[in-house]
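The values are calculated or read from the model by the stated rules, or taken from the named source; none is laboratory data. Owing to the predicted nature of the structure, the values given are computational and were not obtained by experimental measurement. For neighbour counting, all protein chains shown are included, and Cβ atoms are generated from backbone atoms with ideal geometry for every residue, glycine included. Surface accessibility is based on the protein's heavy atoms, side chains included, excluding ligands, DNA and RNA. Shrake-Rupley method; radii C 1.70, N 1.55, O 1.52, S 1.80 Å.
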Amino acid sequence: MTEAAGRPRVLVTRRIPDAGLERVLAATRADLWDDELPPPRDELLRRVAGVDGLLSLLTDQVDDELLDAAGPQLKVVSNFAVGFDNVDVPACTARGIPVGNTPGVLTETTADLAFALLMAVARRLTEGYDYVRADRWLTWGPMLLMGSDIHGGTLGIVGFGRIGREMAKRGSGFGMRILYHDVQRATAEDEAALRAEPAGLETLLAESDFISLHTNLSPETQHLLDAAAFRRMKRGAIVINTSRGPVIDHDALAEALRSGHLGGAGLDVTEPEPMRADHPLLSLPNCLVVPHIASASHATRARMAEMAADNLLAGVAGERLPTPVNPEVYDRPPAA
Ligand code: GLV
């Protein structure tokens, strides 16, 4: 048997930065799906058969069908993302398969993008850029492209985990009042350090000038911002989403923007993804959409690749993953 033949077999569903990919390629017999687009479902099901490890992306649905197609030797699912709503974690746990994600390393980078969206929408940057490019800039205008002040505004943060807290820091730095809503209250020390006040969702919606979503996607948060929620917001409020698209009802958002009740929206995530260019939201000048790039800095994506490789290689070696999302998998009694 050659040395390579003894290595674990893995499927990597897209090219990730070399910082992680090179280690995976060196230590495994890897099948790399090297295409710009994700593997179509039938291709994914075919290629996953018989692998020991799967390095998946948030564009791959990891569910019972895929786990069946993989087979009982599958030892690990390493998801190249902090979010893992694309993975049926209970199904993996039931089969004794640890699932890894990439927490921590993308926190600040994601908050940076959320704040960039907030600033761009508040100060109408894309509208200004379009205006100049369309050669409509004829003179200085006393009322040209007036927007909303960021300083002195109230920033309502929904979901006060790692990224939400980084968003709070950025808001505080700009002299904003910070409200947060989370099922879990932060400690008094954290609230004081971040200058953030807890608030019920109703209060947060009613009092915030900017509402930024940092929650995970679950049945409880699906369409958390719907028509009723938009009605409760202040006239002129701006909504930012860098969490998951389905947390917002996009039809209701389009209506709230069109009616003028909302001042604008900045979306890094949409429902569905990708959002096609003929989507009604893209015809609205006060809606800025970018293609799910919140963690896309060179340094952060390299760190994510390293973590995804660490999880994958630990999993195929039968070792505990450095960052498992289902640590309970290690408490299960061994299969009889
Ligand atoms: C990106 O959305 C991630 O979850 O890492």
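Extension gain for the segment residue 36 to residue 135, taken as residue separation times 0.36 nm less the Cα-Cα distance, is 32.1 nm to one decimal. Think of it as helices only: each DSSP H run of n ≥ 4 in the chain is worth -39500 (n - 2.57), and spread over all residues that comes to -10000 deg cm²/dmol at 222 nm. Dipole of the chain computed with +1 at Lys/Arg Cβ and -1 at Asp/Glu Cβ about the Cα centre; of 146, 188, 326, farthest Cα towards the positive end is 146.
Taking only protein heavy atoms and a 1.4 Å probe, the accessible area of the chain is 54% carbon and sulfur. Highest mean packing first, where packing is the average number of other Cβ atoms within 10 Å per residue, the peptides 225-237, 284-296, 132-144 line up as 284-296, 225-237, 132-144. Label positions at residue 277 and residue 222, each projected 7 Å from the Cα along the C-beta direction, are separated by 3.2 nm. In a reduced charge model with +1 at each Lys and Arg Cβ and -1 at each Asp and Glu Cβ, the chain shows a dipole moment near 600 debye about its Cα centre. Applying 0.36 nm per residue to the separation of residue 258 and residue 302 and subtracting their alpha-carbon distance, the gain on full extension is 11.9 nm. When each of the peptides 102-111, 241-250 is scored by the mean number of other C-beta atoms lying within 10 Å of its residues, the order from highest to lowest reads 241-250, 102-111. Using the 1.4 Å probe convention, the accessible area of region 107-289 works out to 49 Å² per residue with neighbouring protein chains retained.
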